[in-house]
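> First the structure, which I've put down as structure tokens, then a few questions once you've had a look.
The values are calculated or read from the model by the stated rules, or taken from the named source; none is laboratory data. As the structure is a prediction and not an experimental result, all values here were calculated from the model. Every residue, glycine as well, gets a Cβ built from its backbone with ideal geometry; the counts of neighbours run over all protein chains shown. Areas reflect the complete protein model, heavy atoms only, side chains present, ligands, DNA and RNA absent. Shrake-Rupley method; radii C 1.70, N 1.55, O 1.52, S 1.80 Å.
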Amino acid sequence: MQRRSLLLVFFLCFFTNSFASYILIPMDAKTQKNHLKAYGITYWLLEQNQKVKWLLNYRGGAFLVSDSKRIQNECLIRGVSYELISDSRTAEILEDIGSPSKNMDAVLLEKAPKIAVYSPSGKQPWDDAVTLVLTYAEIPYDVIYDTEVLNDALLVYDWLHLHHEDFTGQYGKFYRAYRNAAWYIEQQKNAQALANDLGFKKVSEAKLAVAQKIKAYVLGGGFMFAMCSATDSFDIALAAQQLDICEPMFDGDGTTPNYQLQLDFNSTFAFKEFVIERDPNVYEFSSIDQTALRQIPKESDYFSLMEYSAKWDPVPTMLNQNHTALVKGFMGQTTAYNRSQIKSDILVLGENKLNNEARYIHGIKGKGFFTFYGGHDPEDYTHRVGDPKTELELHPTSPGYRLILNNVLFPAAKKKKQKT
């Protein structure tokens, strides 16, 4: 009897594997053990010229690919959960997804996007959430900075991430707390030397030129993803491109008189009608950011992801794929955006309604796209200068980090026109 049972088990396993034609990588909370590395597997498949279907809103945004022993082994090596399914079961799933009554869709991922991270030399991967999760997910990227951007290196990249940069030339507004710190003094010295080498008198002028190059990259069809201070400082630099908004301790001379009244909000990507913080001792750039106004205890600090139609609005649906609609909040120099100062054509992907703040926004500029994500590190609530790195091995299913990786895969998708 026992022998018959063993033979039956063997037969069933053999039968199932023999007729399994697809691998499903589930992304729901119950089944997937390592969401972050699942994105790395998907990217690796695209590098192998293997097309992948991203099943929007199906089991947390699952991935579907033709079966092979090599892919199974790679999933096992990286600790990614997967399921073997037959042709008939695959057809059932795709038919269900295609039903007009279901808010789901299947998007084809065709080519691995070439990734660049805009970051100064000497920064370790754990200084920035994006480089940290790219490294953990085993997704390759190149590091570029001002010299490369100004020399048109962006032309070869599909996706650009902006490290937590200050594009206004005010050295991150760290003046009050760190102006006598050795690292701050060295940062100023290096930034000024680089600006001079690039042919600029001031750091603010060099950063503006970089911001304008990045803007042109997006207008031409590139995808830009920015977090924390690289979001609002980018728009502030563009709005103030004809003005001097830096106080003497930053650039050695005075500011343009009444510069607030001369800001050009037509030049910005996402924000409008903001007021610049003039005081160099205040750790804030403008009224865009809500950090100083937040009255939310850490224990109840969450933001909700907006639901969009997968068939009619595939872009925001892709960017919001997750195994939960509620994501833990986290702080940064720029944490959250004032809803009243976001342009009307910008999509809010994640918000905290109680605080009337947006945490995660997306827009189209020219032929390209951009996403701004508030906060510094999704698994380090109050990340500060000098804090230890986040160990993503302890957070392999992080919803906050999944949002970053959604943006990484987005350029690989065969584009469908957004209908609303």
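> Out of the residues in the range 130-155 that are within 13 Å of VAL408 (Cα to Cα) and open to solvent by 70 Å² or more (accessible area, probe 1.4 Å), which is farthest from the chain's Cα centre (by Cα)?
GLU138
> For the structure I just gave you, tell me whether ILE245 is at pLDDT 95 or above and assigned to a helix (DSSP H, G or I).
So ILE245 fails the test.
> Another question about this same structure. Among the numbered criteria (1) in a loop (DSSP other than H, G, I, E, B); (2) free of Cβ contacts under 8 Å to residues at least 60 places away in the same chain; (3) closer than 23 Å to PRO297 by Cα, which one does SER344 miss?
(3)
> I would also like to ask the following. Considering only the range 62-139, give the strands (runs of 3 or more DSSP E) lying wholly within it that have at least 2 residues that are over 16 Å from LEU24 (Cβ atoms), modelled with pLDDT of 95 or more and β-branched (Val, Ile, Thr).
Correct list: 115-118.
> Mind listing just one residue for me: the one in the range 286-306 that is modelled with pLDDT of 95 or more and in a loop (DSSP other than H, G, I, E, B) and, of those, most open to solvent (accessible area, probe 1.4 Å)?
MET306
> Take the range 230-250 and flag every residue that is closer than 19 Å to ASP146 by Cα and open to solvent by 30 Å² or more (accessible area, probe 1.4 Å).
Within the range 230-250, GLN241 is the sole residue that qualifies.
> Which one of the conditions (1) over 22 Å from TYR43 (Cα atoms); (2) surrounded by 15 or more Cβ atoms within 10 Å (Cβ to Cβ); (3) among the charged types (D, E, K, R) does GLU95 fail to meet, given that it meets all the rest?
(2)
> Which of the numbered conditions does ASN281 fail, given that it passes all the others? Conditions: (1) part of a loop (DSSP other than H, G, I, E, B); (2) modelled with pLDDT of 95 or more; (3) over 17 Å from PHE167 (Cβ atoms).
Failing condition for ASN281: (2).
> It is to be established whether one or more residues within the range 106-126 are among the charged types (D, E, K, R) and buried (at least 18 other Cβ atoms within 10 Å of the Cβ).
No: zero hits.
> If I ask for residues that are assigned to a helix (DSSP H, G or I), in contact (Cβ under 8 Å) with a residue 60 or more places away in the chain and more than 27 Å from PHE330 (Cα to Cα), which ones from the range 211-242 would you list?
LYS213, LYS215, TYR217, VAL218, LEU219
> Which condition number in (1) open to solvent by 10 Å² or more (accessible area, probe 1.4 Å); (2) assigned to a helix (DSSP H, G or I); (3) in contact with an Asp or Glu (Cβ under 7 Å, 6 or more places away or on another chain) is the one that LEU208 fails?
Going through (1) open to solvent by 10 Å² or more (accessible area, probe 1.4 Å); (2) assigned to a helix (DSSP H, G or I); (3) in contact with an Asp or Glu (Cβ under 7 Å, 6 or more places away or on another chain) one by one, LEU208 breaks only (3).
> Identify, by number, the condition in (1) touching a Gly at 6+ places or on another chain (Cβ under 7 Å); (2) of a type outside the set (A, V, I, L, M); (3) crowded, with 22+ Cβ neighbours inside 10 Å that GLY368 doesn't meet.
(3)
> Next question. Regarding the range 9-27, can at least one residue be identified that is at pLDDT 95 or above and in a helix (DSSP H, G or I)?
no
> Restricting to the range 339-353, give me the number of residues that are surrounded by fewer than 20 Cβ atoms within 10 Å (Cβ to Cβ) and in contact with a helix residue (DSSP H, G or I) (Cβ under 9 Å, 6 or more places away or on another chain).
Residues flagged as surrounded by fewer than 20 Cβ atoms within 10 Å (Cβ to Cβ) and in contact with a helix residue (DSSP H, G or I) (Cβ under 9 Å, 6 or more places away or on another chain) within the range 339-353 amount to 2.
> With respect to VAL327, is the statement that it is modelled with pLDDT of 95 or more and outside any helix (DSSP H, G or I) true?
When the stated conditions are applied, VAL327 passes them.
> Hey, does the range 215-229 have a residue that's open to solvent by 10 Å² or more (accessible area, probe 1.4 Å), at pLDDT 95 or above and closer than 27 Å to LYS189 by Cα?
Yes, because at least one residue in the range 215-229 is open to solvent by 10 Å² or more (accessible area, probe 1.4 Å), at pLDDT 95 or above and closer than 27 Å to LYS189 by Cα.
> Okay, moving on. Sort out which residues of the range 373-404 are open to solvent by 50 Å² or more (accessible area, probe 1.4 Å) and not in a loop (DSSP other than H, G, I, E, B), and write them in order of number.
Residues satisfying the conditions are GLU393, LEU394.
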